[in-house]
Amino acid sequence: MSILLRLVRSHRIKNGLMFLKPKEIKIYNRIYRSDLPTQKTEKEDLYEIKDAWASYGFDTKNKEIDRQAMHITFFTCISVVLVFGALIIGYAPDPLLKDWAQREAYLQLRHREENGLPLIDPNLIDPSKFTLPSEEELVDVEIII
């Protein structure tokens with residue numbers, strides 16, 4: 001970490017990077033009026049220029065309203081939508097009832113083992129409700145189990 005800090009300091013000294021300098025440097029903060037051609041040194045001929053600012057797109061005329069709207073929007077999007085949305089999705093009940101189905105299957109298995117029944121009933125569906133193909137019909141058909 002100290003190597004990184006030394007590197008940043010050396011680059012700041014060598015290159016004079018703008019983002020490491022104080023922010024109070026204003027190159028053009030006054031401008032002369034062009035309609036008064038003769039006297040440019042009087043205080044009445046000068047007027048202040050407002051600081052240039054890039055709008056975030058919420059308000060193009062007022063800097064404070066623009067920044068406030070940007071902060072409120074980003075706070076709402078990030079903290080409310082992402083954080084609380086992830087918590088709601090993470091702690092929501094099981095919508096497909098997968099846990100319930102697995103628990104019910106374990107209860108059925110325990111019940112069948114205790115009563116001496118087969119684990120899976122071979123006549124789960126009544127054989128009279130469907131017809132199976134005969135051996136002659138299944139000769140050319142490949143059966144994959």
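The values are calculated or read from the model by the stated rules, or taken from the named source; none is laboratory data. Small disclaimer: the values here were computed from a predicted structure and weren't measured. Here the Cβ positions follow ideal geometry from the backbone for every residue, glycine too, while neighbour counts run over all protein chains shown. Keep in mind that these areas ignore ligands, DNA and RNA; they rest on the heavy atoms of the full protein, side chains included. Shrake-Rupley method; radii C 1.70, N 1.55, O 1.52, S 1.80 Å.
General remarks:
- Some residue of segment 63-75 being in a loop (DSSP other than H, G, I, E, B) and surrounded by 10 or more Cβ atoms within 10 Å (Cβ to Cβ): no
- Candidates A101, A54, filtered to the one that is open to solvent by less than 90 Å² (accessible area, probe 1.4 Å) and in a helix (DSSP H, G or I): A101
- A single entry from S134, S79, S128 fulfils the requirement of being at pLDDT 90 or above and not aromatic (F, W, Y): S128.
- Test: residue in segment 132-141 that is surrounded by 10 or more Cβ atoms within 10 Å (Cβ to Cβ) and in a helix (DSSP H, G or I): no
- Of the residues making up segment 82-98, those that are open to solvent by less than 90 Å² (accessible area, probe 1.4 Å) and among the aliphatic types (A, V, I, L, M) number 4.
- Residues located in segment 104-117, provided they are part of a loop (DSSP other than H, G, I, E, B) and surrounded by 10 or more Cβ atoms within 10 Å (Cβ to Cβ): L117
- For I120, the requirement of being in a loop (DSSP other than H, G, I, E, B), of a type outside the set (D, E) and out of contact with any helix residue (DSSP H, G or I) (no Cβ under 6 Å at 6 or more places or on another chain) is met.
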